[in-house]
1. Sort the following peptides by mean Cβ neighbour count (other Cβ atoms within 10 Å, averaged over residues), highest first: 178-187, 146-155.
2. Apply the a/c threshold of 1.5 to the C-alpha gyration tensor of the range 1-76 and tell me whether it is rounded, prolate or oblate.
3. Can you grab the distance from the C-alpha centre of the range 197-232 to the C-alpha centre of the range 1-16, Å, no decimals?
4. On full extension of the chain, what length is gained from LEU175 through ASP22, given 0.36 nm per residue of separation minus the C-alpha to C-alpha distance?
5. Taking a point 7 angstrom from the Cα of VAL216 along the C-beta vector, which residues in the range 34-49 have backbone N less than 13 Å away?
6. How much length would be gained if the chain were fully extended between ALA74 and GLU39, taking 0.36 nm per residue of separation minus their Cα-Cα distance, in nm to one decimal?
7. Would you mind ranking ILE189, ILE64 so that the residue whose beta carbon has the fewest other beta carbons within 10 Å leads the list?
8. Determine ³J(HN,Hα), in whole Hz, for all residues of the range 15-29 in sequence, where each value follows from phi through the Karplus function 6.51 cos²θ - 1.76 cosθ + 1.60 and θ = phi - 60°; x replaces Gly and Pro.
Amino acid sequence: MSKQLKYKLKKTLKNAEFVHADLEYHQELFAEAKVEFIEEVARLLKKLPPEEQVRLKEIVERKISEEIAERRGAAAKDEAPEDEEPGITESNCMDLIATDTEAETGEPEAKVDLEKSKLIELKRLFRKIAELTHPDKVAASGFSEQEVFRLEKVFKRALQAYNDDNWYVVYSIALELQIPLDVESEDYIDWIDEDIRKTLSNISRIGSTVAWMWYVGAEASKAYALKSYFEQIYGYIYPGI
């Protein structure tokens with residue numbers, strides 16, 4: 001790898017680190033925001049006349065029933081392609097380690113498209129991580145209880161990143177574990193950039209929710225968020241908001 005590419009990769013990794021830290025901040029705060037927002041909605045509902053509370057509750061229950069029925073109907077119609085590969089779970093991960101050879105026996109990487117190449121590298125790297133951190137292997141290693149706990153957390157983080165197709169997180173975990181890596185290519189930079197775009201999209205999605213707007217906004221934003229919520233969920237214009 002040339003010096004120019006090396007520095008570009010380093011810069012891209014720093015950008016990804018910042019964006020993922022921002023996502024973690026949003027996710028942690030969003031969990032708190034949802035709890036407090038729900039409590040505020042419940043407080044406002046209790047201020048309404050009893051008959052109005054009952055009516056609004058029935059509206060929500062009906063919407064939930066209709067949505068469940070719609071999802072079940074859609075699920076019944078959908079058929080998964082026969083060649084679709086299921087996501088890796090903690091229980092079947094060891095099967096992947098023991099039996100998967102696609103990465104070694106497929107076409108030369110120069111002849112496959114970029115996305116397939118990424119999936120091959122992602123799987124190969126995740127397998128190396130799992131060989132060091134999978135609970136079954138760690139439990140038989142004789143590590144201390146504290147180290148077993150740490151490695152199991154690393155494994156779960158890598159597993160989630162693998163199933164999310166997140167190259168940056170898997171790659172970063174491999175670096176943390178000092179796993180020998182292949183010589184980085186410009187593809188690595190492209191894959192990390194793709195993960196950054198996905199992460200920014202997730203941050204934007206959190207930022208556009210009514211719970212987030214209410215939690216971090218000024219008084220006008222809080223009022224707008226609550227008004228929007230009651231109109232969207234209940235079809236109801238709450239008096240005084």
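1. The densest-packed peptide leads the list: 146-155, 178-187.
2. Values: a/c = 8.15, a/b = 2.19, b/c = 3.72.
Oblate shape, in that a/c is at least 1.5 and b/c is the bigger or equal ratio.
3. Spelled out, the Cα-based centre of one part sits 35 Å from the other.
4. The span from LEU175 to ASP22 would gain 53.0 nm if fully extended.
5. 34
6. 9.3 nm
7. ILE64, ILE189
8. My calculation for the range 15-29 gives 4, 5, 4, 5, 5, 5, 5, 5, 5, 4, 4, 5, 5, 5, 5 Hz in order.
FYI, it's all coordinate maths here, none of it is from the lab. This one's a predicted model, so the numbers in the text were calculated from it and none came from an experiment. Every residue, glycine as well, gets a Cβ built from its backbone with ideal geometry; the counts of neighbours run over all protein chains shown.
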